[in-house]
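Encoded as structure tokens, the structure appears first; notes follow it.
The values are calculated or read from the model by the stated rules, or taken from the named source; none is laboratory data. What you see is a predicted model; the values in this text were computed from it and never measured. Cβ: placed from backbone, ideal geometry, glycine included. Neighbour counts: every protein chain shown. Just the protein is used for accessible areas: all its heavy atoms, side chains included, with ligands, DNA and RNA removed. Shrake-Rupley method; radii C 1.70, N 1.55, O 1.52, S 1.80 Å.
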Amino acid sequence: TLRTTPLIVQVARRVHALTPAMHAYATNVTRAWAIYFVVMAVVSVALYLLAPFSVWAVFGNVVTPLSVVVMFVAEYWLRYQLHPEFERVTMRVAVNAWRNGAQ
């Protein structure tokens, strides 16, 4: 979704009236998640090929879910540090905005 309107920008538009700075922030968040997923995939494949299975299993079953939680929490904290004008919404509102746009 980086080639057209980034996914997070699409969802944010359904929930907020975006300023140019908020739009840029949402675009960068999409970029950060894309980079995160590429890095996690590369590390996972490298561990699978080069490390014992138990190391890869711990990465996939413990490190990956924890890192997703860290990404969400860090982005939430950073968003309201950099852009306090973002109205706070629940996860349900964000999920509904995403679902309504997917139809």
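Numbers for the structure displayed
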quantity	calculated
The range 1-32 - residue that is part of a helix (DSSP H, G or I) and of a type in the set (Val, Ile, Thr) and, of those, most open to solvent (accessible area, probe 1.4 Å)	Ile8
Residue satisfying condition, being out of contact with any strand residue (DSSP E or B) (no Cβ under 8 Å at 6 or more places or on another chain), touching a residue at least 60 places away in the same chain (Cβ under 8 Å) and surrounded by fewer than 13 Cβ atoms within 10 Å (Cβ to Cβ), within set Asn100, Asn61	Asn100
Arg88 being assigned to a helix (DSSP H, G or I), open to solvent by 90 Å² or more (accessible area, probe 1.4 Å) and over 30 Å from Val43 (Cβ atoms)	no
Near pairs, Cβ below 6 angstrom, 6+ apart or cross-chain, from the range 71-86 (under 15 Å from Thr27 (Cα atoms)) to any residue that is among the aromatic types (Phe, Trp, Tyr) and part of a helix (DSSP H, G or I)	His83/Tyr25
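This table checks each residue for (1) at pLDDT below 95; (2) within 28 Å of Arg14 (Cβ to Cβ); (3) in contact with a strand residue (DSSP E or B) (Cβ under 8 Å, 6 or more places away or on another chain).
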site	(1), (2), (3)
Tyr36	no, yes, no
Ala57	no, no, no
Ser67	no, yes, no
Glu85	yes, yes, no
Thr90	yes, yes, no
Ala94	yes, yes, no
